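K.L.:
Here it is: the structure, laid out below.
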Amino acid sequence: MPYLLRSRLTLAAAAALFWACAEGGPLVEKRTSDFPIIDRYRAPGKGPVDLAYGAGSLWLANADGAGSIYRLNPTTGDVLSSVGTDYGPPAALCSDGAYLYVTAADTGVVHKHTLGARLDEVASFPTALANVRAMFYDAGKFYVFDQDTEAFYEFDGDFTPGPSHAVSPTPQWLRGAAHFKGRTWAADNRDGWINLYGANNWNVATKYCTPGWHPAGLAWDGAYLYLGDSAARLIYKLDVSSAP
């Protein structure tokens, strides 16, 4: 059964849920997961910063600090290709199905790439955000999370800025987000949760325990959710069909 962390829970009950989710150690898989693990892969390089799915491939931004992006076979986890960026390390990834969008960690600029082995860059867009940690695409709009202001910022297809959406409760370690089944999902890198937001708001409705100790990156392929773990350097393929 999913773990629910709602206001009606006592502090003691909330603490019990946390420790149940925190079984294991920072470099090994936890024994508790609210979702069945379909498969797990060793992440290339020094581990994931973020994940995205597009053109039948899983894309991974590497935590090597040099700007490496890997294209992976989502069935086997095998590396199909890898490239380095000329704008430094990436902070977040997403895809609209036709292009891969990469936010540079040092500048907050979003770089638009073709979905191929070379990842040719075709455009770039400034966001004026200083600490991007997640982004996703949904229904013609991009949503970019800024850790400094603890909000998602909405942009249209050519990255003209729109409204911002403050997240509640305060997300101190949000690392990766995805939108599917009409809901926004985000990875909590500090506590090992996946946060599911309300259908019509930006409040956390449910917290799911993950097998990862430090989740970093979420990607949805239309059937399964991929979760990166920056500590154990793993990628999990999860069946989240039990979620609302």
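K.L.:
Failed condition for residue 138, given (1) under 18 Å from residue 182 (Cα atoms); (2) buried (at least 20 other Cβ atoms within 10 Å of the Cβ); (3) not basic (Lys, Arg), with all others met?
P.N.:
Every condition holds for residue 138 apart from (2).
K.L.:
Scanning the range 190-217 for residues that are closer than 21 Å to residue 233 by Cα and of a type in the set (S, T, N, Q), which turns out surrounded by the most Cβ atoms within 10 Å (Cβ to Cβ)?
P.N.:
Of the range 190-217, the ones closer than 21 Å to residue 233 by Cα are 190-195, 208-217.
Pick out the ones that are also of a type in the set (S, T, N, Q) and you get 195, 210.
Numbers: 195: 23, 210: 28.
Of everything passing the filter in the range 190-217, 210 is surrounded by the most Cβ atoms within 10 Å (Cβ to Cβ).
K.L.:
Could you go through the range 139-161 and let me know if any residue there is in contact with a Leu (Cβ under 8 Å, 6 or more places away or on another chain), in a strand (DSSP E or B) and aliphatic (A, V, I, L, M).
P.N.:
Within the range 139-161, one or more residues are in contact with a Leu (Cβ under 8 Å, 6 or more places away or on another chain), in a strand (DSSP E or B) and aliphatic (A, V, I, L, M).
K.L.:
Restricting attention to the range 158-171, does a residue exist that is surrounded by fewer than 23 Cβ atoms within 10 Å (Cβ to Cβ) and within 14 Å of the chain's Cα centre (by Cα)? Give the steps one after another, and end with the answer.
P.N.:
Start the filter on the range 158-171 by keeping residues that are surrounded by fewer than 23 Cβ atoms within 10 Å (Cβ to Cβ), which leaves 158-170.
After this cut, where a residue has to be within 14 Å of the chain's Cα centre (by Cα) as well, the list is none.
No: the range 158-171 contains no residue that is surrounded by fewer than 23 Cβ atoms within 10 Å (Cβ to Cβ) and within 14 Å of the chain's Cα centre (by Cα).
K.L.:
A follow-up question, please. Considering only residues that are part of a loop (DSSP other than H, G, I, E, B), touching a Phe, Trp or Tyr at 6+ places or on another chain (Cβ under 6 Å) and modelled with pLDDT of 95 or more, which ones fall in the range 201-226? Walk me through how you get there before you give the answer.
P.N.:
Quick first cut of the range 201-226, residues part of a loop (DSSP other than H, G, I, E, B) only: 201-202, 210-214, 221-224.
Right, trim to touching a Phe, Trp or Tyr at 6+ places or on another chain (Cβ under 6 Å) and you get 211, 221.
Within the range 201-226, 221 is the sole residue that qualifies.
K.L.:
Identify, by number, the condition in (1) within 19 Å of residue 177 (Cα to Cα); (2) among the hydrophobic types (A, V, I, L, M, F, W, C); (3) over 14 Å from the mean Cα position of the chain (by Cα) that residue 132 doesn't meet.
P.N.:
Exception for residue 132: condition (3).
K.L.:
Please go through the range 27-69 and pick out each residue that is among the β-branched types (Val, Ile, Thr), touching a Phe, Trp or Tyr at 6+ places or on another chain (Cβ under 8 Å) and under 21 Å from residue 84 (Cβ atoms). Working first, answer last.
P.N.:
At the first step, the residues of the range 27-69 found to be among the β-branched types (Val, Ile, Thr) are 28, 32, 37-38, 49, 69.
Next cut, touching a Phe, Trp or Tyr at 6+ places or on another chain (Cβ under 8 Å) only: 28, 37-38, 69.
Within the range 27-69, 69 is the sole residue that qualifies.
The values are calculated or read from the model by the stated rules, or taken from the named source; none is laboratory data. If you're wondering where the values come from, they're calculated on a predicted model, not measured in any experiment. Cβ sites come from the backbone with ideal geometry, for glycine too, and all protein chains shown count toward neighbours.
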